[in-house]
Amino acid sequence: MAAPGFRHQGTQNPAGGARRLLCCLLALVVTIVVIVGLIILIFWLVVRPKPIDYYVDGASVHDFNISSSDALNATLDLTLVADNHRNHRVSVYYDDFEVTVWYDDNMIAFSNVDPFYQPKRNETRLDVHPLAKSTPLLNSVAKDLKHDRSGGKVELEVRVRSRIRFKVGSAKTKHYTLHAYCPVVVKFSSATNFDRVYCDVDI
């Protein structure tokens, strides 16, 4: 028989306390992640960027030559326009910018543009000079290009690929990849006017 006034105390379980603490910390982390996710979603829905328009405002070619070994040498002069007028709050960082020129699914020339910043409601004009330097061609492609040269014009596709970030106030988004596809008809006569060509843009 136990002595009067004596009360037995059970031993505490340290493992159970650690589990409860871990569960509390996990719940806190999940709550923070959900709140941050909701804030980002609301922010994005409020200031969601409008599409950026791209078009080609000029295109010409010079020093065009196809060698006897079916290698192409040429320089294209392109005027690209990035139109951000539809975004009243959003500006854009272009962290890299690549322009390639394609003929019948064959890349024939390319050029890189230095990184740049485009303010909101801004139109940025880019003079780009993709270069074909001894670009090897399939014999059939070389024949088609020579035929087009004789006809005075050639159908090409200008493609833009850029890693961009949007900026609203002091906040910047993660990187997105912008693609623009611009079908152009380049005439070999320098005196010929060029009609503006609008591009398909995908982000």
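The residues of the chain expose, per residue, 65 Å² of accessible area to a 1.4 Å probe. Rounded to the nearest 500, the helix-only mean residue ellipticity at 222 nm of the chain stands at -8000 deg cm²/dmol, with each DSSP H run of n ≥ 4 adding -39,500 (n - 2.57). Asp202 sits among other residues whose Cβ lies under 12 Å from its own Cβ, and their net charge, with Lys and Arg +1 and Asp and Glu -1, is +1.
When Phe64, Phe110, Phe166 are compared by accessible surface with a 1.4 Å probe, the order from highest to lowest is Phe110, Phe64, Phe166.
Computing FRET efficiency as 1/(1 + (r/R0)^6) for Arg86 and Leu22, where r is the C-beta to C-beta distance and R0 is 35 Å, gives about 0.10.
When the alpha carbon gyration tensor of segment 67-166 is reduced to an equivalent ellipsoid, the three semi-axes, largest first, read 33, 13, 10 Å. Here the chain is treated with +1 on each Lys and Arg Cβ and -1 on each Asp and Glu Cβ, and its dipole about the Cα centre works out to around 1540 debye.
Nearest 10 degrees, 0 to 90: what angle lies between the long axis of helix 139-151 and the longest principal axis of the chain (Cα atoms)? The answer is roughly 60 degrees. Counting only aspartates and glutamates at least 8 places from Lys120 when in the same chain, those with an alpha carbon closer than 18 Å to its own are Asp53, Asp83, Asp95. Taking 4 °C and 1.567 mPa s as conditions, the chain diffuses translationally at an estimated 61 µm²/s according to Stokes-Einstein applied to its Kirkwood radius (Cα pairs). Measuring nothing but how far apart in sequence close Cα pairs (under 8 Å, 6+ apart) lie, relative to its length, the chain scores a relative contact order of 22 percent.
Solvent exposure of Tyr55, expressed as accessible area, is near 10 Å², computed with a probe of 1.4 Å over the protein chains only. Amide hydrogen proximity for Gly58: with H placed 1.01 Å from N in the peptide plane, the residues at 5 or more positions away or on another chain lying under 5 Å are Thr79. Share of carbon and sulfur in the accessible area of segment 139-203 stands at 42%, probe radius 1.4 Å. You can think of it this way: the chain between Val30 and Asp114 has 26.2 nm of extra reach, that is 0.36 nm per residue less the Cα-Cα gap.
The values are calculated or read from the model by the stated rules, or taken from the named source; none is laboratory data. Worth saying up front: this structure is predicted, and the values here are computed from it rather than measured. Because the Cβ atoms are built from the backbone with ideal geometry, glycine has one as well, and the counts that use them run over all protein chains shown. Ligands, DNA and RNA are excluded from the accessible area calculation, which covers all protein heavy atoms including side chains. Shrake-Rupley method; radii C 1.70, N 1.55, O 1.52, S 1.80 Å.
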